[in-house]
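The values are calculated or read from the model by the stated rules, or taken from the named source; none is laboratory data. This structure is a prediction, so every number in the text was calculated from the model and none was measured. Glycine also receives a Cβ, built like all others from the backbone with ideal geometry; neighbour counts cover every protein chain displayed.
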Amino acid sequence: GAVVSQHPSWVICKSGTSVKIECRSLDFQATTMFWYRQFPKQSLMLMATSNEGSKATYEQGVEKDKFLINHASLTLSTLTVTSAHPEDSSFYICSATTQGGETQYFGPGTRLLVL
Amino acid sequence: AQRVTQPEKLLSVFKGAPVELKCNYSYSGSPELFWYVQYSRQRLQLLLRHISRESIKGFTADLNKGETSFHLKKPFAQEEDSAMYYCAPQGEETSGSRLTFGEGTQLTVNP
């Protein structure tokens, strides 16, 4: 149980375009989802916390207009990288947790390459 | 400020040797503490958390509040233990299940 999927697993796009990444909890309802960014050989950096039906809470230094997060249902959160630039190239990982739950269940990640 | 330190980026041991991955934290309140592991080409997954006081895959971790440490230990390392290990304190009262990840320690167990 507690499986989280991400789609796509990798994406290549041109600079200036927008890219949407989906995060789904497959067998449980996720009241909270988290979006992380991981650079090569570095740790996970939390970008934002997303609660179902409410606005996401962004970490300091993360542009909310650049990284749009929508958590419209208890099983789906999306991250849209708007007007992507090469410096946005990274590995994006989501995780999900149930209400009151302590354990985060992680997705496999999405590798984004902006040309 | 919330901070977690894993002083060793790389750790290499031989099979059968004891291994200790260090973690020190600076956190307000009484955080929950977790160890997450990422095996090659796999997603991040929970290894253990201090509140459950359990041993997973032979690993244990003791919370030392005096030293603010949560070191991960295993008496006899196995080759399949080779992975990236992250120490992660969890949230203050206002931040729910928010995790802060350390820089990680890449453990290599040599045959």
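Figures for the structure shown
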{"read-out": "Candidate set: the stretch A:63-115, residues that are within 14 Å of chain B (Cβ to nearest Cβ) and among the hydrophobic types (A, V, I, L, M, F, W, C); chosen: the one surrounded by the fewest Cβ atoms within 10 Å (Cβ to Cβ)", "value": "A:PHE91"}
{"read-out": "Test for A:THR78: is it in contact (Cβ under 8 Å) with a residue 24 or more places away in the chain and within 30 Å of B:ALA83 (Cα to Cα)", "value": "yes"}
{"read-out": "Selected residue [without any contact (Cβ under 8 Å) to a residue 12 or more places away in the chain and either more than 23 Å from B:LEU33 (Cα to Cα) or not polar (S, T, N, Q) (or both)] from A:LYS41, A:LYS20", "value": "A:LYS41"}
{"read-out": "Index of the failed condition, B:HIS50 passing every other in (1) within 18 Å of A:GLU102 (Cα to Cα); (2) out of contact with any helix residue (DSSP H, G or I) (no Cβ under 7 Å at 6 or more places or on another chain); (3) modelled with pLDDT of 90 or more", "value": "(3)"}
{"read-out": "Qualifying position, being more than 14 Å from every other protein chain (Cβ to nearest Cβ) and in contact with an Asp or Glu (Cβ under 9 Å, 6 or more places away or on another chain), among B:LYS65, B:LYS15, B:LYS9", "value": "B:LYS15"}
{"read-out": "Condition check for A:TYR58: free of Cβ contacts under 8 Å to residues at least 60 places away in the same chain and surrounded by fewer than 21 Cβ atoms within 10 Å (Cβ to Cβ)", "value": "yes"}
{"read-out": "Selection count where residues are touching a helix residue (DSSP H, G or I) at 6+ places or on another chain (Cβ under 9 Å) and on the phi > 0 side of the Ramachandran plot, scope the stretch A:1-56", "value": "0"}
{"read-out": "A:THR78 in contact with a helix residue (DSSP H, G or I) (Cβ under 9 Å, 6 or more places away or on another chain) and under 17 Å from A:ILE21 (Cα atoms)", "value": "no"}
{"read-out": "Residues of the stretch B:1-32 that turn out to be out of contact with any Ser or Thr (no Cβ under 7 Å at 6 or more places or on another chain), part of a strand (DSSP E or B) and modelled with pLDDT under 90, as a count", "value": "1"}
